[in-house]
Amino acid sequence: MQSIVANPNLASRAERALWWPATRLLLGLTVLLGLIYPLAVTGLAQVLLPAQANGSLIVQNGQVVGSALIGQSFGKADEFWGRPSATASSPYNGAASGGSNLGPANPALAKAVAERIAALKAAGPVAPGPVPADLVTASASGLDPHISLAAALYQVPRIAKVRHLDAGKLQQLVLQQAENSWFGSQATARVNVLRLNMVLPRG
Amino acid sequence: MMLQFFCLQGVFMLLLTLSAHPMGAWLAPLAAGRVSGRWQRVDAMLLRMAGIRDEGMGWRQYALAVLVFNLLGALLLYALQRLQGLLPLNPQGMGAVEVGSAFNTAISFVTNTNWQGYAGESTMSYLTQMVGLAVQNFLSAATGIAVAFALMRGFTRRESADLGNFWADVLRVSVYVLLPLSIVLALVLVQQGVLQNLSGYTTYTTLAGHAQTLAMGPVASQEAIKMLGTNGGGFFNANSAHPFENPTELTNLLQMLAIFLIPAGLTHAFGRLAGDRRQGWAIYIAMSVIFIACAVAVMAAESQGNPLLTALGIDGGSGNWEGKEVRFGMAASSLFITVTTAASCGAVNAMHDSLTALGGMVPMWLMQLGEVVFGGVGSGLYGMLIFAVLAVFVAGLMVGRTPEYLGKKIEAFDMKMVALVILTTPALVLLGTAASVLLAPGLAGLANPGMHGFSEVLYAFSSAANNNGSAFAGLSANTPFYNAMLGIAMWLGRFAIIVPVLAMAGNLAAKKTLATTNGSMPTHGGLFISLLVGSVLLVGALTYLPALALGPVAEHLMIWAH
């Protein structure tokens, strides 16, 4: 090493021996991994799987009404409510995902949950039993398309009343929409809120 | 619910263990510094195109090459963020990223941390995501694997100064391993619903009559390498909790497997290079033991729910739902939380800030162990091998013999490097946390009151210095103070570890390899595995218990005392 420092020609050669291959390799791999790879995958996806690659959009009467994967804000008494959403500026903001980040002991969390319970009970009759936890707590993404099956059944009495439907038949409809989770039971089954609301009949 | 969890964990461990062997067989020749027979001509052509001569490097040269390559990578990524407003592939018209944030993000992605002070969908152009962030997802992973290769060569070469060629290692790992795996995983993710387009954001009127705008982008191609390279930087702010990044239970399982795939394969490759596969399995089992225990702990904590909310009349028995997604539930969320922090991935499918006190402590502690439970790609193995050296050293002291590992005598210089590696990250974490909770700009970032605020800061420095990247995300970290502090912690946590690891590798390669005798301690059996697990847990516990007692432990006691 001493001899390299003593001889400026050798020093610059040793440096070139690192900087030049580093630059060349970085730029070469940037083109391959940063342009060719993502553009090739985009091309393949757009040809083979265009529906998924563009957002799994649901079209009704020629109009896009949503995505099968993204939740929407529902708050009227005659529709099933989804999970509370903590996204910036408005709930279910699909351009600003995120959770509340409230810690378990934060008084703001207990206050928000208490208010949501009150709002649910004020909107109409609910099923007996404790309030399903997922229905009154914010999701991680703020865009959760699902609620638990329990959370859907909990709202059946209200929607049956407002829409003048038979509660038993509505419950059947909810159960038809339920999806099981892997290795799960009815306690871990879930319902896509948008799809459920799309098939709700009027009484 | 516990049964569901155990089924999921069982399937996960089964698939992981089955894949460790083929993955290791794929990596082993590259770790030895060659390519297998029929690929040699392709390889020669690739190296020629890249202008690389595959000449051996000593440890100093290898370390300098790592530093130069990563410094250049950071500069390029910084420049891209600052200039993105002038560049194409920017349908949303994102402007230049602010100086402090761009500095922090450049270091974050180059060091394989992928800590994110910004929100992807409102900050980065598609060009920056693809050409900047995703490229460093590949290259930081390749760097980590290359350093692990160099250390493996240190253990297995005899009286040699040659640790291999860094350029050739990075190129081969990127092109032969990371790229093909990413292409396959990306297409499977798209099939399940992950986005892959270059369109502007989509706006429509919802069923209830509101306007909703959905962020778009080339997500799947980035998501694949984000997992395979244990990077963890989300395309979107909500990371793998976002339905467009992780739409189904299947993608969730594949993402977890992708995180552990290469770290697990590397243990097997290590065994093959050592000429004794049991050496690799011993490391794999030690990692698995800690991982499985931690996953069960997280699940147990999260399925307990939050008693402060149960008291309001909610169904506490269904678990702690704040910050979780229904499609993952308690089981798949808890497993993901453990995987992402055992490995230095840092992708999240639930908001860690909203975990129960103990459910949040486990991931924090897993990072504090030094990211050696599978760990980062490459960095997990070299970190665990440092602990293996420590374990044989401690055992040697107990019986009064010179410690050996794989026939290499462990001597003073090696132990100095081990000590440097083991002490650097705790110093960064504890000093950084202490400074932040004493200084006004540090305290200004806290989102939650009480002990949880302290936990947010401790988590941030644990994550940054150990190159994980997950967060108790309530912390407002996109400030000059945290961008600078965490940027420094990430850089030193990466390269102040890599240099001593390479120094030790160089020193080991130069030594003779001793024949095994009756007196050598076997390093493949239950005794060694217990010693290794004990060393990792003991160092982690002794270093961090006081700090954890002030944060999550105190918070847990407070919540349950109510």
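Side notes on the structure shown:
- Scanning the range A:49-57 for any residue that is more than 7 Å from every other protein chain (Cβ to nearest Cβ) and either assigned to a helix (DSSP H, G or I) or at pLDDT below 95 (or both) turns up at least one such residue.
- Candidate set from the range B:298-317 (those that are polar (S, T, N, Q) and free of Cβ contacts under 8 Å to residues at least 60 places away in the same chain); member that is farthest from the other protein chains (Cβ to nearest Cβ): B:Gln304
- So A:Ser89, is it more than 7 Å from chain B (Cβ to nearest Cβ), open to solvent by 10 Å² or more (accessible area, probe 1.4 Å) and at positive phi: yes
- Scanning the range B:504-536 for residues being in contact (Cβ under 8 Å) with a residue 12 or more places away in the chain and in contact with a helix residue (DSSP H, G or I) (Cβ under 7 Å, 6 or more places away or on another chain) gives a total of 16.
- Some residue of the range B:236-245 being open to solvent by 10 Å² or more (accessible area, probe 1.4 Å), free of Cβ contacts under 8 Å to residues at least 60 places away in the same chain and within 14 Å of chain A (Cβ to nearest Cβ): no
- Here B:Asn320 meets each of (1) modelled with pLDDT of 95 or more; (2) part of a helix (DSSP H, G or I) with one exception, condition (2).
- Any hit, the range A:116-134, residues being facing chain B (nearest Cβ under 8 Å), over 22 Å from A:Gln171 (Cβ atoms), touching a strand residue (DSSP E or B) at 6+ places or on another chain (Cβ under 9 Å) and buried (at least 20 other Cβ atoms within 10 Å of the Cβ): no
- Flag if B:Ala106 is assigned to a helix (DSSP H, G or I) and free of Cβ contacts under 8 Å to residues at least 40 places away in the same chain: yes
- Residue in the range A:93-103 that is small (Gly, Ala, Ser) and touching a strand residue (DSSP E or B) at 6+ places or on another chain (Cβ under 8 Å) present: yes
- The helices (runs of 4 or more DSSP H) located wholly in the range B:446-562 that include 1 or more residues which are under 27 Å from B:Val377 (Cβ atoms) occupy B:451-465, B:480-509, B:526-548.
- Residue list for the range B:198-235, filter: polar (S, T, N, Q) and either free of Cβ contacts under 8 Å to residues at least 40 places away in the same chain or not in a helix (DSSP H, G or I) (or both): B:Ser199, B:Thr202, B:Thr203, B:Thr205, B:Thr206, B:Gln212, B:Thr213, B:Thr230, B:Asn231
- One residue alone among A:Leu170, A:Leu194, A:Leu143 is facing chain B (nearest Cβ under 7 Å) and part of a helix (DSSP H, G or I), and that residue is A:Leu194.
- Tally of residues being facing chain B (nearest Cβ under 8 Å), in contact (Cβ under 8 Å) with a residue 24 or more places away in the chain and among the hydrophobic types (A, V, I, L, M, F, W, C) across the range A:58-80: 5
- Number of residues in the range B:80-94 that are farther than 18 Å from B:Phe138 by Cβ, free of Cβ contacts under 8 Å to residues at least 60 places away in the same chain and open to solvent by 10 Å² or more (accessible area, probe 1.4 Å) equals 9.
- Evaluated against (1) farther than 19 Å from B:Leu309 by Cβ; (2) part of a helix (DSSP H, G or I); (3) open to solvent by 10 Å² or more (accessible area, probe 1.4 Å); (4) aliphatic (A, V, I, L, M), A:Leu165 falls short on exactly one condition, (2).
- Search result, residues across the range A:181-198 that are touching a Leu at 6+ places or on another chain (Cβ under 7 Å) and surrounded by fewer than 16 Cβ atoms within 10 Å (Cβ to Cβ): A:Gln186, A:Met198
- Taken together, B:Gly200, B:Gly217 contain a single residue that is at pLDDT 95 or above, at positive phi and either open to solvent by less than 50 Å² (accessible area, probe 1.4 Å) or hydroxyl-bearing (Ser, Thr, Tyr) (or both), which is B:Gly217.
- Qualifying residue in the range B:486-495 (condition: touching a residue at least 24 places away in the same chain (Cβ under 8 Å) and within 14 Å of another protein chain (Cβ to nearest Cβ)): no
- Selection of the range B:183-192 for residues being crowded, with 24+ Cβ neighbours inside 10 Å and at the interface with chain A (Cβ under 7 Å from one of its Cβ atoms) yields B:Ala186, B:Val190.
- Scanning the range B:363-377 for any residue that is among the hydrophobic types (A, V, I, L, M, F, W, C) and surrounded by fewer than 24 Cβ atoms within 10 Å (Cβ to Cβ) turns up at least one such residue.
- Selection count, the range B:237-249, where residues are in a loop (DSSP other than H, G, I, E, B) and under 26 Å from B:Val177 (Cα atoms): 5
- Residue match in the range B:9-17 (condition: within 11 Å of another protein chain (Cβ to nearest Cβ) and either surrounded by fewer than 18 Cβ atoms within 10 Å (Cβ to Cβ) or of a type in the set (Ser, Thr, Tyr) (or both)): yes
- Scanning the range B:31-74 for residues that are among the small types (Gly, Ala, Ser) and surrounded by 15 or more Cβ atoms within 10 Å (Cβ to Cβ) yields B:Ala31, B:Ala32, B:Gly33, B:Ala50, B:Gly56, B:Gly58, B:Ala63, B:Ala65, B:Gly73, B:Ala74.
- Exclusive hit being assigned to a helix (DSSP H, G or I) and more than 12 Å from chain A (Cβ to nearest Cβ), set B:Met124, B:Met130, B:Met152: B:Met152
- Qualifying residue in the range B:461-474 (condition: among the aromatic types (Phe, Trp, Tyr) and within 14 Å of chain A (Cβ to nearest Cβ)): yes
- For the range B:499-510, the count of residues that are under 30 Å from B:Ala63 (Cα atoms), open to solvent by less than 10 Å² (accessible area, probe 1.4 Å) and touching a strand residue (DSSP E or B) at 6+ places or on another chain (Cβ under 6 Å) is nonzero.
The values are calculated or read from the model by the stated rules, or taken from the named source; none is laboratory data. From a predicted model like this one, the values you see are computed outputs, not experimental measurements. Positions of Cβ are backbone-derived with ideal geometry, glycine not excepted, and every protein chain shown enters the neighbour counts. Accessible surface is based on the protein model in full, side chains and every heavy atom, while ligands, DNA and RNA are left aside. Shrake-Rupley method; radii C 1.70, N 1.55, O 1.52, S 1.80 Å.
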